[in-house]
Amino acid sequence: MKRFSLILQAFLLGSLMACSDSDTGSESSPGSGGGDTSDTTYSIAWTPETPAKDEDIVFSIEGPTGEASSVGWNFGDGKFATAGPEDRVRHAYGEYGSYQVRAYVSISGRMNEVGATVVIAETEAAICVSNVSPARMEKVVFSLNQIQAVSSVTWDFGDGSAPQSTTEPTTEVTHRYALGGSFTVAVTIVYADGGDKRLTLPVNVSGESLSYSGQHFDKGKVWIMAHRGNFKGGYELPPNSLRGYRRVVEDGFAEFIETDAQLTKDGIPIVLHDAHLRNFTNFSDIYPGEVGNVSDYTYEEIRQFRLKTTDGAVSEDMVPSLEEVLTELGDKIFFNIDKCSDGNMDVSTLEKVYEVVRKCGCLDRVQFYVGNSGSVNARWLSEQKIPGIIAPHVNSRNQANTMLVCQPYYFIQASTNTLRDNLAWLSTVNGYGLSVTNLLDSYWADFNSGNTGQMDAFVEAGLNMVQCDYPEQMHEYLLQKGKR
């Protein structure tokens with residue numbers, strides 16, 4: 001009952017705040033500070049002035065509180081309290097960071113707001129980095145954690161480049177490694193009292209940066225994307241299999257692998273074309289008559305099934321997790337993760353997929369195909385601290401206006417049918433970015449039979465990348481065209 005009462009008080013306090021005549025409060029300096037609201041000056045005081053994580057902090061109001069009836073406290077971490085104007089309240093923060101504390105002093109029904117910033121600083125210095133296994137020319141962001149009493153910070157990136165210096169530990173510095181290899185990043189911290197400290201961090205650089213490659217794309221060439229990781233239509237090795245992906249990498253005829261992400265019952269992103277196990281595995285041999293929704297099975301349960309080749313033969317291959325794929329191959333080829341559009345994946349699922357890509361150090365090696373049905377997922381990706389690279393699909397200017405509001409993107413897909421009927425649209429897409437289309441199904445059948453007219457037209461119009469199931473055959477064709 002007491003807990004409910006406090007929650008109710010916090011709710012009522014928020015309502016009174018919304019009705020207050022004062023829209024903004026004053027900001028106190030660390031430890032103690034003042035501000036003027038409603039002709040009365042108050043400030044928030046706290047001890048200790050430089051608190052540690054999980055340490056009790058005693059907060060109080062300073063100023064003429066004789067006419068005040070109560071004080072509402074918002075500690076900036078989702079926690080609230082109410083107290084008398086002369087009371088001291090205790091609060092501890094469980095995480096490092098800066099917190100905006102607000103106190104609402106009630107006088108004759110009127111709220112007087114005052115604010116302060118409380119910093120819970122780490123005592124031990126540590127290096128923060130956006131990626132410890134970046135690609136060549138990937139932008140890597142370095143900083144220190146929030147420590148105090150620092151005079152200067154000097155960064156040496158270990159590759160012979162000029163050091164960078166800052167005066168604030170949390171100031172971010174960026175660096176791009178031009179060459180692959182192992183490097184030791186060293187940072188020298190000089191404290192205000194004259195002391196110093198040196199920290200080191202190993203960084204392993206390999207593979208190519210997708211953002212750099214997109215920004216410096218040779219438009220005289222055409223890249224190839226292996227559809228579902230196929231190298232011979234998925235007949236020799238199953239689509240979306242690790243062995244198939246390895247073969248694509250070993251052959252070296254494709255720059256990209258297209259794959260799909262699905263989420264298991266226990267929240268693990270796996271690589272499978274659609275949400276039904278019966279379509280691409282031997283699920284129906286074990287559970288005849290059932291659909292086999294991926295979301296109904298845990299990752300370990302799904303590992304019992306075996307992938308099928310395009311002609312239905314059961315292979316020895318298990319369904320791989322996205323983490324398994326990116327851990328092994330993420331620095332060897334670019335990946336296009338399909339099914340990341342608003343209509344196929346909600347944001348909570350996308351967040352799990354993004355987190356795997358981030359954890360594997362592949363945010364500059366992977367693009368998220370967000371389709372053309374809406375920009376919710378595209379916007380979410382673009383708003384992350386390290387944005388996910390989006391791959392939109394646009395068949396019209398209206399779709400372009402919807403899908404191209406978010407950054408970053410480099411490759412933009414257009415439907416094969418759209419380009420067949422309106423080849424000029426390819427030039428429009430190239431004005432937005434780098435054009436991509438598919439040569440699959442009946443289009444591939446025509447191409448494979450020797451009727452290359454449609455692909456000839458795409459190449460002549462300036463196509464930048466084509467997705468297909470036979471990368472080697474496409475490579476030979478493009479080689480003859482001088483596009484490889």
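At 7 Å along the Cα-to-beta-carbon direction for both Lys385 and Ile286, put a label point, then send me their distance in nm to one decimal.
Each label point is offset 7 Å from its Cα along the Cβ direction, giving 3.9 nm.
Taking the Cα centre of the chain as origin and charging only Cβ (+1 Lys, Arg; -1 Asp, Glu), how large is the dipole, in debye to the nearest 20? Display every interim value, and only then the final one.
Numbers: 38 positive and 62 negative charges, 167 e Å.
So the dipole magnitude of the chain works out to roughly 800 debye.
Report for the stretch 210-480 the percent antiparallel among DSSP-assigned beta bridges with both residues inside it, nearest 5.
Details: 7 of 33 bridges.
If we restrict to bridges inside the stretch 210-480, about 20 percent are antiparallel.
How charged is the neighbourhood of Ala424? Take every other residue with its Cβ under 13 Å from the Cβ of Ala424, and add Lys/Arg as +1 and Asp/Glu as -1.
Details: positive: Arg397, Arg420; negative: Asp421, Glu460.
Charge balance in the 13 Å sphere: 0.
Round to the nearest 0.05 the FRET efficiency obtained for Glu328 and Ala83 when R0 = 51 Å and r is the Cβ-Cβ distance.
Working: r = 57 Å, r/R0 = 1.12.
Computed FRET efficiency for Glu328 and Ala83: 0.35.
Sticking with the crude label model, points 7 Å out along Cα→Cβ, report the distance from Asp311 to Ala149 in nm, one decimal please.
7.5 nm
For a footprinting-style exposure proxy, rank Lys308, Lys332, Lys385 by other Cβ within 10 Å, fewest first.
Numbers: Lys308 23, Lys332 17, Lys385 7.
Fewest-to-most ranking of Lys308, Lys332, Lys385: Lys385, Lys332, Lys308.
Enumerate the lysines that Lys79 could reach by cross-link, defined here as Cα to Cα under 20 Å, with residues fewer than 8 away along the same chain left out.
Lys2, Lys53
Among bridges DSSP assigns within the chain, what percent are antiparallel (round to 5)?
Details: 64 of 94 bridges.
Bridges in the chain that DSSP calls antiparallel: roughly 70 percent.
For Ile127, what charge total do you get from the other residues with a beta carbon under 13 Å from its beta carbon, if Lys and Arg give +1 and Asp and Glu give -1? The partial results should precede the final answer.
Working: positive: Lys197, Arg198; negative: Glu122, Glu124, Asp156, Glu172.
In short, -2.
To the nearest 20 debye, what charge dipole does the stretch 339-449 have about its Cα centre, counting +1 at the Cβ of each Lys and Arg and -1 at the Cβ of each Asp and Glu?
Working: 9 positive and 9 negative charges, 57 e Å.
Approximately 280 debye in magnitude.
Pull out the extension gain between Asp193 and Ser98, defined as 0.36 nm times the separation in residues minus the alpha carbon to alpha carbon distance; nm, one decimal. Walk me through the numbers before you get to the answer.
Numbers: separation 95, 0.36 × 95 = 34.20 nm, distance 2.35 nm.
Extra length from Asp193 to Ser98 when fully extended: 31.8 nm.
Using a 10 Å cut-off around each Cβ, can you sort Cys362, Cys128, Cys406 from fewest to most neighbouring Cβ atoms? It would help to have the intermediate numbers written out before the result.
Values: Cys362 26, Cys128 14, Cys406 20.
Placing the least packed residue first, the sequence is Cys128, Cys406, Cys362.
As a footprinting exposure proxy, order Leu350, Leu199 by other Cβ within 10 Å, with the fewest listed first. Present the calculation step by step, with values, prior to reporting the outcome.
Values: Leu350 27, Leu199 14.
Ordered by Cβ neighbours within 10 Å, fewest first: Leu199, Leu350.
Compute the distance in nm between two label points, each set 7 Å from the Cα along the Cα-to-Cβ direction, one at Ser427 and one at Ala126.
My value for the distance between the label points is 5.6 nm.
Straight-line reach from Lys139: which lysines fall under 21 Å, measuring Cα to Cα and dropping same-chain residues less than 8 apart?
Straight-line reach from Lys139, under 21 Å: Lys332, Lys359, Lys385.
Checking the a/c ratio against 1.5 first, then a/b against b/c, what shape does the Cα gyration tensor give for the stretch 127-205? Walk me through the numbers on the way to the answer.
On the way: a/c = 2.36, a/b = 2.04, b/c = 1.15.
Because a/c hits 1.5 or more and a/b exceeds b/c, the stretch 127-205 counts as prolate.
Relative contact order for the stretch 127-205 using alpha-carbon pairs under 8 Å, separation at least 6, rounded to a whole percent? Numbers along the way, then the final one.
Numbers: 174 pairs, mean separation 27.1, N = 79.
In percent, rounded to a whole number, it is 34.
Divide by every residue of the chain the summed helix terms, -39500 (n - 2.57) for each DSSP H run of at least 4, and state the resulting mean residue ellipticity at 222 nm, rounded to the nearest 500 deg cm²/dmol. Display every interim value, and only then the final one.
Working: 14 runs with 119 residues, N = 484.
Mean residue ellipticity, 222 nm, calculated: -7000 deg cm²/dmol.
Can you give the relative contact order of the stretch 273-366 as a percent, counting alpha carbon pairs under 8 Å and 6+ residues apart?
Details: 82 pairs, mean separation 19.6, N = 94.
Once divided by the residue count of the stretch 273-366, the mean separation gives 21 percent.
Hey, quick one: spin label on Ser206, modelled 7 Å out along Cα-Cβ, who in the stretch 170-186 has an amide N within reach, i.e. under 17 Å?
Only 177-184 fall inside the zone, counting backbone N under 17 Å.
May I ask you to list the lysines whose Cα is less than 18 Å away from that of Lys308, ignoring any residue fewer than eight positions away on the same chain?
Here the lysines satisfying the reach criterion relative to Lys308 are Lys232.
How would the stretch 210-480 be classified by its alpha-carbon gyration tensor: rounded, prolate or oblate, with rounded meaning a/c under 1.5 and the a/b versus b/c comparison settling the rest?
Numbers: a/c = 1.70, a/b = 1.24, b/c = 1.37.
Oblate shape, in that a/c is at least 1.5 and b/c is the bigger or equal ratio.
Throughout, read-outs are computed from the coordinates displayed, never taken from laboratory work. Here the structure is a predicted model, which is why all the values come from computation and not from measurement. Here the Cβ is made from the backbone with ideal geometry for all residues, glycine too, and neighbour counts use every protein chain on show.
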